[in-house]
1. On a straight-distance basis, which lysines could pair with LYS120 in a cross-link, Cα separation under 20 angstrom, same-chain partners fewer than 8 positions away excluded?
2. Rounded to the nearest 10 degrees, what's the angle between the helix 4-32 long axis and the longest principal axis of the chain, both from Cα atoms, 0 to 90?
3. State, to one decimal in nm², a quarter of the convex hull surface area for the C-alpha atoms of the chain, i.e. the direction-averaged projected area.
4. Specify the angular offset, from 0 to 90 degrees and rounded to the nearest 10, of the alpha carbon long axis of helix 60-75 from the longest principal axis of the alpha carbons in the chain.
5. Starting from 0.36 nm per residue, how many nanometres of slack lie between ALA131 and ILE189 once their C-alpha separation is accounted for?
6. Output the relative contact order of the chain, whole-number percent, from Cα pairs under 8 angstrom with separation of 6+ residues.
7. For the chain, what is the calculated [θ] at 222 nm in deg cm²/dmol (nearest 500), taking -39500 (n - 2.57) for each run of four or more DSSP H residues and dividing by its residue count?
8. Can you tell me which of LEU72, LEU62, LEU127 moves the most in a GNM of the chain? Springs connect C-alpha atoms under 10 Å apart.
Amino acid sequence: MTTSATRSANHSRTLQLVQIAMFASLMAIGANISSFLVIGGVPITLQTFFAILAGILLGSRLGAVAMLVYALIGLAGLPVFAGFSGGMDTLISPTFGFIVSFVFVAFATGAIVERFPSRKGFIGAALVGTAVNYFIGTNWMYAAYKLWFSAPAGFSYKMAWAWMVVPLPKDLILAVLAGIFGFRLKPLIQKYK
C-alpha cells in the first residue's frame with residue numbers, strides 16, 4: 001500500500017527527471033540553432049541562455065545536473081554539441097570549455113536566484129552566469145590552443161579574449177532576456193512542484 005507521501009515523493013522525483021531531460025534536450029536544440037541562424041557573421045546559439053534558465057528554473061543543483069547530463073550525452077557520441085557533433089574527441093576541442101562551463105553557469109545562476117529572488121537578482125544572476133561561461137570557456141580555449149591544438153600565428157591570451165568581443169552583445173542581451181523570462185516563469189514552475 002502506498003501512502004500519499006510516497007506518491008508525492010515519486011511524483012516529485014519523476015518531475016525532476018523530466019525537467020532534467022527537458023533542459024538537456026533544449027541545450028541540444030540551442031547548440032545547433034547556429035547551423036541555421038548566423039547574423040552578421042556571429043553564430044547565434046542559445047546554449048548559455050538555456051544553461052541560465054536551467055539554473056533559474058530548476059535551482060542550482062538540478063540545473064547543474066541537467067547540464068552535466070547534456071555534456072555526458074554528447075560525450076557518449078550523440079550529436080548534441082554545436083554543429084551536430086559529439087563523442088569523446090570533443091574533450092580536446094578548444095571550445096569544450098564552454099560545454100564544461102554550462103554546469104557551473106547553471107549552478108551559479110541557480111544559487112544566486114535562490115539567495116536573491118527578485119527581478120534584479122534574476123537578471124544579475126543571468127549576467128554572472130554569462131561571465132562564468134566566458135571565463136571558463138575562454139581560458140579553456142586559450143589553454144587548448146597553447147598546449148594541444150595548433151594556435152593561429154601570434155595567438156595570445158589577449159587575442160583569445162578579443163575573439164569573445166564579437167558574440168558578447170548577443171550573449172548579454174540573451175542573458176538579460178533569460179533573467180526576465182526566468183523571473184516570470186519561476187512562479188508557474190513552482191506551482192507544480
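Laboratory data are not the source of any read-out in this text; all were calculated from the coordinates shown. For clarity, every value in this text was computed on a predicted model and none was experimentally measured. Reconstructed Cβ throughout: ideal geometry from the backbone, glycine too, with neighbour counts over all protein chains shown.
1. Of all the lysines, those that pass the test against LYS120 - Cα under 20 Å, at least 8 places apart if same chain - are LYS170, LYS186.
2. 20 degrees
3. Values: hull surface 49.4 nm².
About 12.4 nm², averaged over all directions.
4. Compared with the principal axis, the helix lies near 50 degrees.
5. On the way: separation 58, 0.36 × 58 = 20.88 nm, distance 2.59 nm.
Extra length from ALA131 to ILE189 when fully extended: 18.3 nm.
6. Numbers: 295 pairs, mean separation 44.7, N = 193.
It rounds to 23 percent for the chain.
7. On the way: 7 runs with 136 residues, N = 193.
One gets -24000 deg cm²/dmol as the mean residue ellipticity at 222 nm.
8. Looking only at LEU72, LEU62, LEU127, the largest GNM fluctuation is found for LEU72.
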